[in-house]
Each structure stands twice: as structure tokens, then as C-alpha cells.
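The values are calculated or read from the model by the stated rules, or taken from the named source; none is laboratory data. These figures come from a predicted structure and were not determined experimentally. Don't worry about glycine lacking a Cβ; one is built from the backbone with ideal geometry, like all the others, and counts go over all protein chains shown. Heads up: the accessible areas ignore ligands, DNA and RNA and are worked out on the full protein's heavy atoms, side chains in. Shrake-Rupley method; radii C 1.70, N 1.55, O 1.52, S 1.80 Å.
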Amino acid sequence: MPTNLPPNYYRKERELKFAHSPEEKIQIYLELLAIMPKHKGTDKLKADIRGKISRLKRELGKKSFTARFDFYHVPREGAAQVVLLGQPNTGKSQILKALTNAEPEVHDYPFTTQKPQVGMILYDNIQIQLVDMPPISNDYAPGWIFGIARGSDIILLVLNLGKEDIDNDTQSLLNLLETAHIKVTMKDEEISDEHFMLKKSIFLCNKEDLEGAALRLKRLMALYDTKFRLLSISALKGTGIERLKKEIFQSLEIIRVYTKPPNREIDKSHPFVLKRGSKIIELASGIHRDFINELKFVRLWREGEINGMRIDRDEVLEDGDIVEFHTR
Ligand SMILES: Nc1nc2c(ncn2[C@@H]2O[C@H](COP(=O)(O)OP(=O)(O)OP(=O)(O)O)[C@@H](O)[C@H]2O)c(=O)[nH]1
Ligand SMILES: [Mg+2]
């Protein structure tokens, strides 16, 4: 295995362990190929993966793969991918509608949504992809839905505060996820459990406008508030939506960094989005592969702290940093 693979390669690779269907596995392999840096050291690995994909395709019969392909993959767009999961009629599509410009079908009967639908959340100057999924329940829980959830950055577990037995629904939702090897968490623990993928989640308690909602929320809080983040909203009335956007942004633990050529103004509309804790060197290698070799020095502006000082390439970046690259 080549040593210089990026961290998201290993995260993606871990999903293979829990993928059951050939379609899901093919999708993961395709994404691994896309993530892999292009250099001599990865040639063999690339060939191995291509071989695996062909074997899986043969196993599947080419026709059915292309016919069902769309269902198994939602191409990533924007700074992160956030997935809505929940039982039928809990308001997932209404939430997509409230947070984005998408116009999904919303109806007062279960199983309205039959395939993934996407929209973009605008938060300040970044875009986050929101994926609305078909419902899951004890009677309907196809593997591909969980495959998409395992590949996402955050899961929003949508619960219906209008339902008296919301406690049972919540527990069965968590059970369904565990059966699919997903354990929800509040913290960013990425590769810490052998049998589960730990996924950051928010319990999204929807329909707070309905009668009895406040009491049910209180009950849920008593059960889950110490371990999980609970948020109450009404997607229909539009309450709690701005706070939800902010919480999603905060849970993603991403930072925005602006780059500029020397002696030029910065363009704040196009930030680079990086994981919190990223260094200058990671920013530079994201710009293009050889950029780091062309670098002579770097200046940094950080509000109220640093004003154009030369900094080391191992400097850890912060949200809002402005970086000026000087090349040879
Ligand atoms: N009162 C109230 N009704 C809501 C709210 N959010 C959604 N609804 C209603 O609940 C019903 C179901 O909403 P959907 O968004 O279609 O639910 P869903 O979870 O996408 O349903 P499936 O696609 O079947 O899984 C619709 O009649 C919505 O108008 C809310 O915040 N308050
Ligand atoms: Mg729906």
C-alpha cells in the first residue's frame, strides 16, 4: 500500500467493510480511484482496484448495474454532504424544501420519496449538500440507503414530534442504523470502532408546531440529551431553520480559508473549505499537486492576531484566515 494517500482515502476505504451489495462496492471503488493522487506509487493500487471493479461488474451483469446505478450514489457537491434519514412522513422532504431551493414532493402519506433528492444549503459563503432519502422503517430498510448514509459527513435523524410514540420510533431508528453498522455520535470519532462506522448526527425533532410537541421533546431530551445533540424545528412553519444551518456548519468542523496572490485584494466569495486542524501544506496541495514544491514562502492574515507575517508551512489554519502564497 503506498504511504502517501490522503486521509479521506482511508475513510472511504473503511466503508468497504460494511458494504454488502456489489453495486455499493463498485461505487466505493470508483470513489477511491477519484480520491487517489496521481503518481507512480499508486499505479499498482489503481490497477488492483480496476480489476476488482471489473470482477464485480461481471458478477452483477452489466445491464442491471447501469440501470440501478443512480440509486447507489449521490455525487458529492459543495463543502460537505448531509443526509436526512427517518421514518415515513416525518417531514424529511419538507426539511429539504425549508433549507434549500429544491422543490421535492411533500405529501401527507408515507413513502412519498422513492429515490434520493438533493439541494444546496447556503451558509454564509459556503454550500453544503443536503440529501433527502426515502423513508426507512422496520419493514423497509434497503442496504443502499445505509450505504449513502455511511458515506456522508453528517446524518440528520428526523423525528416527528407530532407522534405520540416518538420514543419508540427513535429507538427503532437507532436499532435499524446499528443493524447497518452505523452508530450515531456527537463527536468526531472517525475510525475508532471495529464493527461500526461512527457517524456524527443531529436528532432533528420536526413538527414542533403540533399539539403536544413540547412535552414529547422534553421526554426525548430526558432520554437522549446527555449523549446527543437534539434540535427542535418546524419545517412547515420555518422555525428553528437558521439555528439548524448554524449547527450543521459547526458539526462539520470545517474552516474557510481565503487565498490571494501578492498585492491583490482577496475574493471572499470563494473560500477554500478544509477540515479543522488542516495546515498550510494541506491547503497548498489542494490547490495543485506540485504547488508545494513551487512555494517560496507564505504570509498569513488572521483577524486581530496576525498581520501579514511569514509563517511556516506546518502552521494550523483557522476559519477566516487569509493566505498569500509566494512562489519561485
Ligand atoms: N405540522 C407540520 N407538518 C409538517 C412539518 N413538516 C412536514 N409536515 C407535513 O408532514 C407530511 C409529510 O411530509 P414529508 O416532507 O413528505 O415527509 P417525508 O418524511 O419526506 O415522507 P416520506 O417521503 O414518505 O418519507 C406533509 O403533509 C408535510 O406538510 C412540520 O414542521 N409541521
Ligand atoms: Mg419525503
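Descriptive notes on the structure:
- Residue match in the range 141-159 (condition: within 12 Å of ligand 1 (Cβ to nearest atom), open to solvent by 10 Å² or more (accessible area, probe 1.4 Å) and outside the structural domain of Glu13 (by TED's automatic domain parsing)): no
- Tally of residues being closer than 19 Å to Glu208 by Cβ, within 13 Å of ligand 2 (Cβ to nearest atom) and open to solvent by less than 30 Å² (accessible area, probe 1.4 Å) across the range 86-132: 8
- Looking only at residues of the range 114-141 that are over 15 Å from the mean Cα position of the chain (by Cα) and under 16 Å from Leu157 (Cα atoms), we find that the one that is modelled with the lowest pLDDT is Ala141.
- Among the candidates Gly162, Gly91, residue that is touching a residue at least 12 places away in the same chain (Cβ under 8 Å), small (Gly, Ala, Ser) and farther than 29 Å from Ile254 by Cβ: Gly162
- Here Lys275 fulfils each of the conditions (1) farther than 18 Å from Ile311 by Cα; (2) touching a Phe, Trp or Tyr at 6+ places or on another chain (Cβ under 7 Å) apart from (2).
- Residues located in the range 1-38, provided they are part of a loop (DSSP other than H, G, I, E, B) and over 21 Å from Ile182 (Cβ atoms): Met1, Pro2, Thr3, Asn4, Leu5, Pro6, Met36, Pro37, Lys38
- Failed item in (1) more than 16 Å from the chain's Cα centre (by Cα); (2) more than 8 Å from ligand 1 (Cβ to nearest atom); (3) open to solvent by less than 30 Å² (accessible area, probe 1.4 Å), with Val74 passing the rest: (1)
- Looking only at the range 163-173, and only at residues there that are surrounded by fewer than 18 Cβ atoms within 10 Å (Cβ to Cβ) and not acidic (Asp, Glu), the one that is farthest from the chain's Cα centre (by Cα): Asn168
- Residue that is most open to solvent (accessible area, probe 1.4 Å), among those in the range 299-328 that are out of contact with any strand residue (DSSP E or B) (no Cβ under 7 Å at 6 or more places or on another chain) and in a loop (DSSP other than H, G, I, E, B): Glu303
- All positions within the range 89-140 that are more than 8 Å from ligand 1 (Cβ to nearest atom), aromatic (Phe, Trp, Tyr) and assigned to a loop (DSSP other than H, G, I, E, B): Tyr140
- Exactly one residue out of Ile241, Ile280 is in the same structural domain as Tyr123 (by TED's automatic domain parsing), modelled with pLDDT of 85 or more and β-branched (Val, Ile, Thr), and it is Ile241.
- Helices (runs of 4 or more DSSP H) contained in the range 184-298 and holding at least 3 residues open to solvent by 40 Å² or more (accessible area, probe 1.4 Å) and among the aliphatic types (A, V, I, L, M): 213-224
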